[in-house]
Amino acid sequence: IPAEDHYAPSAGLKKALLLSMDHEMFPYSKRRANGLDLDHTQPFAPGCRGQTRSGNLAPLSRRVHRAKTARTWRADQPRPSQLHWSSPLGYRYDVTPNGTRMLA
């Protein structure tokens with residue numbers, strides 16, 4: 001799926017992402033992705049091309065988005081459909097569509 005230059009993902013990109021990530025991509029979350037925002041893992045910067053893509057978007061609730069934006073929780077996306085989270089206490093998690101795994 002090609003990267004896009006605008007903030008909001010197109011209907012096609014959104015559909016593809018929700019098919020590949022059917023739940024919220026936060027440690028141990030059971031929330032269904034339908035109805036959640038597709039959040040940019042790395043903040044969107046106007047004027048930079050190709051930021052809206054499968055390797056920089058994940059379905060997150062508003063509460064999780066705010067925790068990430070406030071840097072309480074930190075997220076990295078090494079590849080599409082995988083997020084690495086760091087908690088405020090220093091715990092690290094690998095989150096994929098298959099579930100959550102605690103990292104050493």
Practice problem: Search region 33-42 for residues being under 11 Å from the mean Cα position of the chain (by Cα) and in a loop (DSSP other than H, G, I, E, B), and hand back the single one that is surrounded by the fewest Cβ atoms within 10 Å (Cβ to Cβ). | Solution: Gln42
Practice problem: Can you give me the number of residues within region 77-104 that are outside any strand (DSSP E or B) and at pLDDT 95 or above? | Solution: 9
Quiz item: Is one or more of the residues making up region 69-76 crowded, with 16+ Cβ neighbours inside 10 Å, in contact (Cβ under 8 Å) with a residue 12 or more places away in the chain and either polar (S, T, N, Q) or in a helix (DSSP H, G or I) (or both)?
Solution: no
Practice problem: Scan Pro59, Pro97, Pro80 and give me the residue that is in contact with a Gly (Cβ under 8 Å, 6 or more places away or on another chain) and open to solvent by less than 80 Å² (accessible area, probe 1.4 Å). | Solution: Pro80
Practice problem: Scan Pro9, Pro2, Pro27 and give me the residue that is modelled with pLDDT under 95, more than 10 Å from the chain's Cα centre (by Cα) and assigned to a loop (DSSP other than H, G, I, E, B). | Solution: Pro2
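The values are calculated or read from the model by the stated rules, or taken from the named source; none is laboratory data. The model shown is predicted, which means the values in this text are computed figures rather than measured ones. FYI the Cβ positions are ideal-geometry reconstructions off the backbone, even for glycines, and counts take in every protein chain you see. Remember, those area values only see protein heavy atoms, side chains included, never the ligands or the DNA or RNA. Shrake-Rupley method; radii C 1.70, N 1.55, O 1.52, S 1.80 Å.
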